[in-house]
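**Student:** Could you have a look at this structure, given as C-alpha cells, before my questions?
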Amino acid sequence: MTTITWLVGLGLLLHVANRTHVDIPAALASKLSLLDGNPTLIFAGDSRMAFQADPMLAAQVMGLPEGRVVNIAYLAGEPLAFLAAAHARPEVFSGAHVVLSVTALISNDGIANAAIFPPDVAARMSVGEQMTMFLPMRVGTLIHYIREAFRSRFAADRKIAVYGPKPPDYGLERLPVQPNYSWPNDISSHQHYRNWNISGVKARHEIFALCELAIRTRKLTVVLPPWAPKYDRSKEPSWKAKDEANAALIRDAGQQCGYEVHEIHLVPGLELQHFADEQHINVLGIPIYTRYLMSRLKF
C-alpha cells in the first residue's frame, strides 16, 4: 500500500508539474535581458557554447559595438527552450543570426540523468510515459523535472527575462584551468553515447525545434563542437559511428529545414591545455575557439 500511495503521489506531482512548466527555464530566463540590445548575432545552446564563445571578441571581429553579439547559452541548453525564447521575442530573433551548439546528449534517449535530461522534452510526455521511462532507476530525473518546472514558472511569474539584471560580459561564462583533471580513458564509454538511441522522444522534439527556429530567425547555424584533442575518433570506431550518426541526423534535418551545420572536430591551435575537461574549453582557449568559430560562420 505504501508503494502505491507513493506512486499516486508522484503521479499527481508530475501532473501538476506538466501544467506548471513553461518552456523557458530559469537559467535561460536570467540571460534574456541581453536581447534588449537587439543583437545581430546570438550564441545559444548548451555549456559548450556558454563557456566557449566570447560575444565581445565576436563583436570586435565583426566590427560591431559591444552588445550587438550576446551569449544566451546555458548548461544543458536545449533547442526547445530557445524556440520558446524566439516565440517570446520574435522581433529580435527574426533579425538575428543564431549560432546554436548541439551535442549527442540532446538526441540520445539512452541518457536519462537528472541534471541533463531536457525538461522541455519531459514536459511533452504524459505522466504515464514519464513514469514508464524513468522508474524505478531514474526517479531522481523526475524529481529534478518537477523542481525545474516550478523554477521555470517562478522565473516567468517574476518576469526575470524582462526585469532581471543583465549578466556580465554579455553572457559569457568561463571555466578555470584544471591542471589536475582526471581525464577519462576514452570517449566511447562517455555518458553522451550510453544506451544509444537517437530515434526516440528527444530527437523528435528537439529536431522539430531546430526546424522551427530556422523559420523564426534571420539565419540559424547549428554547431557540433569539438572534443579535446587527446582523443582520436579514428581509434574509437564506436564513438565515431555514433557521432557520425548524430551528425547525419542534424544535417539531414538542416537540409530539409534550411539551417546550416558546422561539425567541428579539431580547431587549429586549440590544444589539450586549453580544455577544462574532455568536452569543455577553459578560459585560455576561449579566444582561439571564438576566432575559429567566427571564421566558419557565413553572414
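**Student:** When the chain is treated as a GNM, springs tying every alpha-carbon pair under 10 Å, which of GLU212, GLU244, GLU173 comes out with the largest mean-square fluctuation?
**Tutor:** For the chain, modelled as a Gaussian network with Cα springs under 10 Å, the answer is GLU244.
**Student:** I've got another one for you. For the chain, what's the relative contact order in percent, using C-alpha pairs closer than 8 Å and at least 6 residues apart? If you can, show how the numbers build up before the last one.
**Tutor:** Values: 531 pairs, mean separation 80.7, N = 299.
In percent, rounded to a whole number, it is 27.
**Student:** Placing +1 on the Cβ of each Lys and Arg and -1 on the Cβ of each Asp and Glu in the range 70-222, which of ALA114, HIS87, CYS211 has its Cα farthest towards the positive end of the resulting dipole?
**Tutor:** HIS87
**Student:** Let me ask something else about it. Of (i) 6, 29, 38, 22, 5, 0; (ii) 6, 26, 28, 21, 13, 6, 0; (iii) 6, 27, 35, 24, 7, 1, 0, which is the value of P(r) over Cα pairs in 10 Å bins from 0, in percent derived from the coordinates here?
**Tutor:** Answer by label: (iii).
**Student:** Send over a whole-number figure in Å² for the accessible area per residue of the range 172-299, probe 1.4 Å.
**Tutor:** Working: 6280 Å² over 128 residues.
Per residue, the range 172-299 has an accessible area of 49 Å².
**Student:** Next question, about the same structure. Would you work out the relative contact order for the range 133-251, in percent, from Cα pairs under 8 angstrom that are 6 or more residues apart?
**Tutor:** Reported relative contact order: 27 percent.
**Student:** Pairs of lysine in the chain with Cα under 29 Å and at least 8 positions apart or on different chains: total?
**Tutor:** Within the chain, the lysine pair count is 21.
**Student:** Show the residues, 5+ positions off or on another chain, whose built amide H is closer than 5 Å to the amide H of ILE281.
**Tutor:** Residues meeting the amide H criterion: ALA276.
**Student:** Which order do LYS242, LYS235, LYS31 take when ranked by solvent-accessible area (1.4 Å probe, heavy atoms of all protein chains), largest first?
**Tutor:** Output order, biggest surface exposure first: LYS235, LYS242, LYS31.
**Student:** Now for a separate question. Can you tell me how the range 112-164 classifies by the Cα gyration tensor, rounded, prolate or oblate, using a/c under 1.5 as the rounded cut?
**Tutor:** In terms of gyration-tensor shape, prolate.
**Student:** Follow-up question, since we're still on this one. Take the alpha carbon atoms of the range 154-197, find their center, do the same for the range 224-283, and report the distance between the two centers in whole angstrom.
**Tutor:** Using only Cα atoms, the two centres lie 17 Å from each other.
**Student:** What whole-number value in Å² describes the accessible area per residue of the range 80-133 for a 1.4 Å probe?
**Tutor:** 27 Å²
**Student:** Let me ask you something else. Roughly how many debye, to the nearest 20, is the charge dipole of the range 34-143 about its Cα centre, given +1 on each Lys and Arg Cβ, -1 on each Asp and Glu Cβ, and no other charges?
**Tutor:** Roughly 80 debye for the range 34-143.
The values are calculated or read from the model by the stated rules, or taken from the named source; none is laboratory data. Everything numeric in this text was worked out from a predicted model, so none of it was measured. Positions of Cβ are generated from backbone atoms using ideal geometry, with glycine treated the same way; all protein chains shown enter the neighbour counts. To get the accessible areas, we keep the full protein, side chains included, count just its heavy atoms, and leave off ligands, DNA and RNA. Shrake-Rupley method; radii C 1.70, N 1.55, O 1.52, S 1.80 Å.
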